[in-house]
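Down below is the structure, laid out as structure tokens.
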Amino acid sequence: MTDPRTTRRPWVLLFVAVALVAANMRMTITGVGPLLDQIATDQGVTPAALGFLGSLPLLAWAAFSPLAHGLSARIGLTNAVTVSLAVLTAGTVWRSFPGGPANLWVGTAIIGAGLAFANVLMPAIIKRDFPQRLALVMGAYTALLGGMGAVTAGLVVPVSQIPAGDDVLGWRGALLLTGAALPVAIAVWVWAYRKRRGVSGSAVPGATGPADAATATATTRSSAGRRIWRDPIAWLVSVYMGAQSVTFYVVSTWFAPYETALGQSPVVAGVELMIYQIFGIAGSMLVPVFARGRLTRWLPALLPAIGLVAWIGMALLPAAMPAWIVIGGISAGALLTMSLMLMAQRARTQDHASALSGMAQSLGYTIAAIGPISFGWLHELTGGWVLPFAVVWVAAGVVILVGLPLGRPRYVLEPRS
């Protein structure tokens, strides 16, 4: 008989591993917005011209997300996440290499490729390994995404000003440090899943027995990755993911420059962005609390409606910015959790969840990439800030409309009468 004490420990390790991966998945990109003015000055361009830099990871996610399902079918979900973390580490180092602007752009693209796979696969990992605690673990996962991204946004500017020799650390050094914890995450991830295999007695990463091994083998032969693109519910989830991502990445990229234009110092603007994203942690953790009972039906549409109030207020009534930071931050964090939950909830199996996640994040981030670019273009065209914020308002309206039908419990890749 197996000693229950030996089977309990690996599950704790799995949660720690998932948490460490989550903590490292936004730090490398949320630090860019507060440093946008420094980067622009160093590269000899306007901050508006760097709007595309905020969209580049999203375009990479759109390009590489469809490949994640196939990669996981070939080498397993766990190994695919390991590969994605290694690619993310390489891109973070490359981006900070001294030299011309090519390193900045190529490194950012590599970061986007690494994150694309992890973004797609982690919801499937959570569905597979924490099926009874899906909402709770997904809430913790997204809270860490937003929380560590928030800390990074608040610290990168002060870190960039740390003395280093005859100069300061600068934006390159600050962005390099955003990946400092990645080696730890990789080591714990590999260790945890080796322990998991040892306890389960299965060669399939994360499997708990012969039945799971058979399921994983069947997954490699599945056609879900192709059929998912013809499913109407999958399209709704994808648009929901994309439109809510527009609101998140526009604010993450442009909030600090906007506040600087209103008279705040770069340090204060970065701290305000950090506070915005810290309240996103609260939003992430509140979703499992409210995602029950009759409210579940309306939650996908209610969350963006609350956020829309804040995003309108940011542009039209900036004097009340503290209130908009709190309301908008809570909504942004909750929307990310809701999006990832829908990828798991609207799929019956791990295979379907992986396929849905791949489609939703590919199409979703294609939509999302338009946001920071459009905001920057409208800002440069008008010289103001109100019209650019319309990008966020339209995106939030789309999330509300799509969220209404997604509140009903229907599933992808199932026959419908």
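Out of MET359, MET338, MET321, MET343, which single residue is modelled with pLDDT of 90 or more and crowded, with 23+ Cβ neighbours inside 10 Å?
Unique residue meeting the criteria: MET338.
Taking every residue in region 405-417 that is on the phi > 0 side of the Ramachandran plot and at pLDDT 80 or above and pairing it with any residue that is exposed (fewer than 15 other Cβ atoms within 10 Å of the Cβ) and part of a helix (DSSP H, G or I), at least 6 positions away or on another chain, the pairs with Cβ-Cβ distances below 8 Å are LEU413/ARG227. Of all the residues in region 313-337, those that are under 28 Å from ARG408 (Cβ atoms) and touching a residue at least 60 places away in the same chain (Cβ under 8 Å) number 6.
Which residue, of LEU50, LEU85, is touching a Gly at 6+ places or on another chain (Cβ under 9 Å) and more than 17 Å from LEU115 (Cα to Cα)? Don't jump to the end; show me each part of the working.
Details: LEU85 fails: more than 17 Å from LEU115 (Cα to Cα).
Going through LEU50, LEU85 in turn, the sole match is LEU50.
Scanning region 161-185 for residues that are surrounded by fewer than 18 Cβ atoms within 10 Å (Cβ to Cβ) and either touching a strand residue (DSSP E or B) at 6+ places or on another chain (Cβ under 7 Å) or among the β-branched types (Val, Ile, Thr) (or both) yields GLN161, ILE162, VAL168, GLY173, VAL184.
Those residues that are in contact (Cβ under 8 Å) with a residue 12 or more places away in the chain and not in a helix (DSSP H, G or I), I need them from region 14-67; list them, please. Working first, answer last.
First, the residues of region 14-67 that are in contact (Cβ under 8 Å) with a residue 12 or more places away in the chain: 14-39, 42-43, 46-67.
Within region 14-67, ASN24, MET25, ARG26, GLY31, VAL32, THR46 qualify.
Looking only at residues of region 39-53 that are modelled with pLDDT under 70 and among the small types (Gly, Ala, Ser), we find that the one that is surrounded by the most Cβ atoms within 10 Å (Cβ to Cβ) is GLY51.
Going by the conditions given, is ARG9 farther than 21 Å from TRP254 by Cβ, out of contact with any Ser or Thr (no Cβ under 9 Å at 6 or more places or on another chain) and modelled with pLDDT under 90?
Answer is yes for this residue.
For region 362-390, filtering for residues that are in contact with a Pro (Cβ under 9 Å, 6 or more places away or on another chain), at pLDDT below 85 and of a type outside the set (Ser, Thr, Tyr) leaves 1. Per the listing LEU342, LEU356, LEU387, the residue uniquely touching a Lys or Arg at 6+ places or on another chain (Cβ under 7 Å) and closer than 24 Å to LEU58 by Cα is LEU356.
Only one residue in ILE330, ILE312, ILE275 is of a type in the set (A, V, I, L, M, F, W, C) and under 16 Å from the mean Cα position of the chain (by Cα). Which one?
Details: ILE312 fails: under 16 Å from the mean Cα position of the chain (by Cα); ILE275 fails: under 16 Å from the mean Cα position of the chain (by Cα).
After applying the criteria, what remains is ILE330.
Does at least one position in region 300-316 carry a residue that is modelled with pLDDT under 95, surrounded by fewer than 18 Cβ atoms within 10 Å (Cβ to Cβ), more than 20 Å from ALA143 (Cβ to Cβ) and of a type outside the set (S, T, N, Q)? Looking through region 300-316, none of the residues is modelled with pLDDT under 95, surrounded by fewer than 18 Cβ atoms within 10 Å (Cβ to Cβ), more than 20 Å from ALA143 (Cβ to Cβ) and of a type outside the set (S, T, N, Q).
Of all residues being part of a helix (DSSP H, G or I) and touching a residue at least 40 places away in the same chain (Cβ under 8 Å) in region 260-272, which is farthest from the chain's Cα centre (by Cα)? Just the residue, please.
So the first thing to find is which residues in region 260-272 are part of a helix (DSSP H, G or I), and the list is 260-261, 266-272.
With the extra rule that they be touching a residue at least 40 places away in the same chain (Cβ under 8 Å), the set shrinks to 260-261, 266-267, 269-272.
Numbers: THR260: 25, ALA261: 27, PRO266: 24, VAL267: 24, ALA269: 22, GLY270: 19, VAL271: 20, GLU272: 20 Å.
Per the criteria, the residue is ALA261.
Taken over region 109-121, the criterion of being of a type outside the set (Phe, Trp, Tyr), touching a residue at least 40 places away in the same chain (Cβ under 8 Å) and surrounded by 24 or more Cβ atoms within 10 Å (Cβ to Cβ) is satisfied by ILE111, GLY112, LEU115, ALA116, ASN119, VAL120, LEU121. If I filter region 153-160 for residues that are surrounded by fewer than 24 Cβ atoms within 10 Å (Cβ to Cβ) and closer than 19 Å to ILE110 by Cβ, do I get at least one hit? No, the conditions are met nowhere in region 153-160.
Could you pull out the residue among TYR365, TYR411 that is surrounded by 15 or more Cβ atoms within 10 Å (Cβ to Cβ) and part of a helix (DSSP H, G or I)? Let's see the steps before the verdict.
Working: TYR411 fails: part of a helix (DSSP H, G or I).
On inspection, the qualifying residue turns out to be TYR365.
Considering region 273-309 alone, what residues qualify as being outside any helix (DSSP H, G or I) and touching a helix residue (DSSP H, G or I) at 6+ places or on another chain (Cβ under 7 Å)? Talk me through it step by step, then tell me what you get.
Step one: list which residues in region 273-309 are outside any helix (DSSP H, G or I), which gives 291-294.
Matches in region 273-309: ALA291 only.
The values are calculated or read from the model by the stated rules, or taken from the named source; none is laboratory data. Computed from a predicted structure; not experimentally measured. Counting neighbours? That spans all protein chains shown, and the Cβs are built from the backbone with ideal geometry, glycine included.
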